[in-house]
Amino acid sequence: MVEFPPLGPVMPEILMTGFALLILVLDLVIKRKETLAFLSVAAAAVVMYAVLGTSGVTFSGMFAADGYSMFFKLIFLLSLILSILISVKYIAIERVNYGEYYSLMLFSTLGMMIMASAGDLIVLYLGIELMALSTYVLAGFIRHAVKSNEAAVKYFLLGAFASALLLYGISLLYGLTGTTDIKGVAAYISDNGLAGNPALMLSVILFVVAFGFKIAAAPFHMWAPDVYEGAPTSITAFMSVGPKAAGFAAMGRVFLIAFASLQVQWAAILIPLAIVTMAVGNIIAISQTNIKRMLAYSSIAHAGYALMGVIAGTPEGLAGMMSYLLIYAFMNIGAFAIIIMLRSEGFSGENISDYEGLSKKHPVSAALMLIFMFSLTGIPPTAGFIGKFYVFMAAVNAGYTWLVVVAVIFSAISAFFYMRIVMYMYMKEPRREVELTTSPALGLALAISALGVLVIGVFPGRLLDLARIAITLGWGL
Amino acid sequence: MLPELFFYYNATVITVLSALVVTRSNPVHSIMLMLVMFFHIAALYLFLNAEFLAAIQIIVYAGAILVLFLFVVLLLNLKKELVTQIFIVRWPLGLVAMAGLLVLMFAGIKSFTLGPTGDFTIEKIAGETHTAAIGTVLFTEYIVPFEVASLVLLIAIIGAIVLAKKQIKT
Amino acid sequence: MVELQWYLYLSAAVFTIGVFGFLTRRNIIFMFISIELMLNGVNISLVSFSHYLQDPRGQILAFFVITVAAAEAAIGLAIIISVFRNKETVYVDEMTETKG
């Protein structure tokens, strides 16, 4: 008789599944969808509490609730809460106020949580699919808008293509090592000196390409601008943070554990990738006129910065990458919250010119946008600076000083398009009356993200300590 | 000799059919060719002692997925498909990319070394039948992915309804 | 006994034909069919690994791949229907609402 493994470490995931199903069912009886949103936020908060109290490995190493995954789960849950808060009013304006929206978001987050904890490539694959399939549906959620349909098509096709590439990589790895367990793979590779094997290199390349698609790194970013522009704004905010962070979580685990003995080889592939990503993101963003599209390119560029943490390949680099993604969640969703505020009945508010003279009539929103833009550029004392600083420091300590110089140059270029928004808001006369759509939930989301950006910016020590401790807790167990 | 012949027959048919599948202009033809191809793949699985997979290759792939494809293609009534050009203008680039990938893969496969062999031997499978053997592993060792797969299917149901239903009551 | 290598060549061939189809067709249905070909290529290699390694994991993963392919088909085709309802096209190139 097989003994049943302990369920403690998977408790947050079990809770999340339960809540997602519950909300799906409650949708039938609850007519006010705002209640569902509130329940979803409460559910996410409960799961967050549960995440903090769980640790351990279960199901014979297939599922690992270590510090690394815990930190990532907090990022996912935070981005989930913020995205739900900014959605409440928005999906009513878009006339898609259905309860499935919230349960799909919970399922998507569940997929990310499984990805972050996966100790086995099969679990990793299914986590990716759970996350991706829910996100495809969410991207096409505004069924009557062609833009949203198209976003779903493009996201779906590229996502499915990337999954197929990933699968071939997993398959080769399985054939080479006879196992799908991430640590088992690592052990077999180093014990048998497989490091130079061309088949293994092929598998590494396929993994890089597949993860490149998932985190929208150039040259695998083509889908991102179209999808980010077409998807519902709240979902754009959600998927520019959550799935991206989940991609990094899986990437960190696969590359730093399974491919640990191939670090030289994969770093050689990832370095050009990171440089191209930063170049494409920052340079093309300058010419954009649609703010969602601009932030899509900006999100590509930020993936490039975060990638440097992986390239550094040290615990410090990973900690930098993790804190960067957390900070990115605050500042990016904050910026999207402002974009959502500009959206009102019959007015998209997505053009950059819509921000002209915003400070005259709405000084508070303009000031908040200013903070988020400063943070995205990486100007002190905002959190964005701290995030970049840690990642760059880690890269310097790992011996990639020249790469950091390149990254700093690109981040100076990024000031062009972020500061353009600020300039429009403060130095131009308003061309038209812009009415803001506000709601208490949106206000709360803005308050949380602005507070996050400022507090981390002023007291950064705690965050990095937290990330460093998270890395040491059970990493590689 | 016979096993080799069987394999070469299947391999040739599968390769030729898959090349045909991606080059047809009519999706219905393509799907029908794919159906034949899936039967050959299932035959290959039988040959590799994976009876259960051969069965679900037919039942799920051919019986459910392809039927769904066919259903949608017929539903959409794509007349334009037959007159527009099949490939993008720059299709030779795609061919080059494919050739490059193929060379890369063949080079990788050439120096492929097989990992350590396990205890899932033919004798063991024969002793308890393939479905039971797979089922035992699936429901003990791989219970987590199995549960996640059930959620993936649930998402598929919800997603399909949300996206494709004509009217949703608010 | 057929060598494992032959199975792998076959799987690589099917996989790359799928990649070719995905890169050169602009009809969503064909792009999707190409992805199915790629998944079948992967499955051939997984099942043959499983046989030669005498290990059930490859077949388990292949089983999950088929499951996910079914879910993907349901969602993908629903997306195609939702596009077609609004726009009457299945060509990715004609989807130009989102352009900078």
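Every read-out reported here was derived from the displayed coordinates using simple, explicitly stated rules and does not represent laboratory data. Remember, it's a predicted structure, so these values are computed and weren't measured experimentally. Every residue, glycine as well, gets a Cβ built from its backbone with ideal geometry; the counts of neighbours run over all protein chains shown.
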Set the Förster radius R0 to 41 Å, insert the Cβ-Cβ distance between C:Y91 and A:E3 as r into 1/(1 + (r/R0)^6), and round the FRET efficiency to 0.05.
0.15
Can you tell me the order of B:151-164, B:111-124 when each peptide is scored by its average per-residue count of other Cβ atoms within 10 angstrom, highest first?
B:151-164, B:111-124
Rank the residues B:H29, A:H302, A:H362 as a footprinting-exposure proxy: fewest other Cβ atoms within 10 Å of their Cβ go first.
B:H29, A:H362, A:H302
Can you pull the Kirkwood radius for segment C:4-90, inverse mean 1/r over Cα pairs, to one decimal in Å?
14.0
Kindly express, to the nearest 10 degrees and within the range 0 to 90, the angle between helix A:263-286's C-alpha long axis and the longest C-alpha principal axis of chain A.
10
How well do other chains shield peptide B:91-98, expressed as the mean number of their Cβ atoms within 10 Å of each residue Cβ?
4
Report, to the nearest 10°, how far helix A:198-214 tilts away from the longest principal axis of the Cα atoms in chain A, using its own Cα long axis and a range of 0 to 90°.
20
If packing is taken as the average number of other Cβ atoms within 10 Å across a peptide's residues, how do C:13-19, A:105-111 rank, most packed first?
A:105-111, C:13-19
Point-to-point label distance, B:L114-A:A268, nm (Cα→Cβ direction, 7 Å offset):
3.0
Going by average Cβ density within 10 Å per residue, which order do the peptides A:196-208, A:244-256, A:50-62 take, highest to lowest?
A:244-256, A:196-208, A:50-62
Average partner coverage of B:118-127, which counts Cβ from other chains inside 10 Å:
3
How tilted is helix C:28-53 with respect to the longest principal axis of chain C? Cα atoms for both, answer in degrees (0 to 90, nearest 10).
10
With each label point set 7 Å from Cα along the Cα-Cβ vector, what nm distance links C:Q5 and A:T401?
4.8
Rounded to a whole number, the Stokes-Einstein D of the protein assembly as shown in µm²/s (Kirkwood radius over Cα pairs; 37 °C; 0.692 mPa s) is 126
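Taking the Cβ of each residue in B:Y61, B:Y9 as the centre, tally the other Cβ atoms inside 10 Å and list the residues starting with the fewest. Walk me through the numbers on the way to the answer.
Numbers: B:Y61 25, B:Y9 12.
Listing B:Y61, B:Y9 from fewest to most nearby Cβ atoms yields B:Y9, B:Y61.
Go through segment B:1-96 and name the trypsin sites (Lys or Arg not before Pro) that are in a DSSP coil and have 16 or fewer other Cβ atoms within 10 Å of their Cβ.
Loop-located and lightly packed - B:K79, B:R90.
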Over chain B, with a single point scatterer placed on each C-alpha, what log10 of the ratio I(q)/I(0) does the Debye formula yield at q = 0.09, 0.13, 0.16, 0.20 1/Å?
-0.51, -1.04, -1.34, -1.39
Expressed as a percent, the portion of alpha-carbon pairs in segment A:266-306 spaced more than 17 Å apart is 29
Residue-normalised 222 nm signal for chain A, counting each DSSP H run of n ≥ 4 as -39,500 (n - 2.57), nearest 500 deg cm²/dmol, is -25500 deg cm²/dmol
For segment A:166-217, projected area of the alpha-carbon convex hull averaged over all directions, nm²:
3.5
Report, as an integer, the average count of C-beta atoms from other chains found within 10 Å of each Cβ along A:333-343.
0
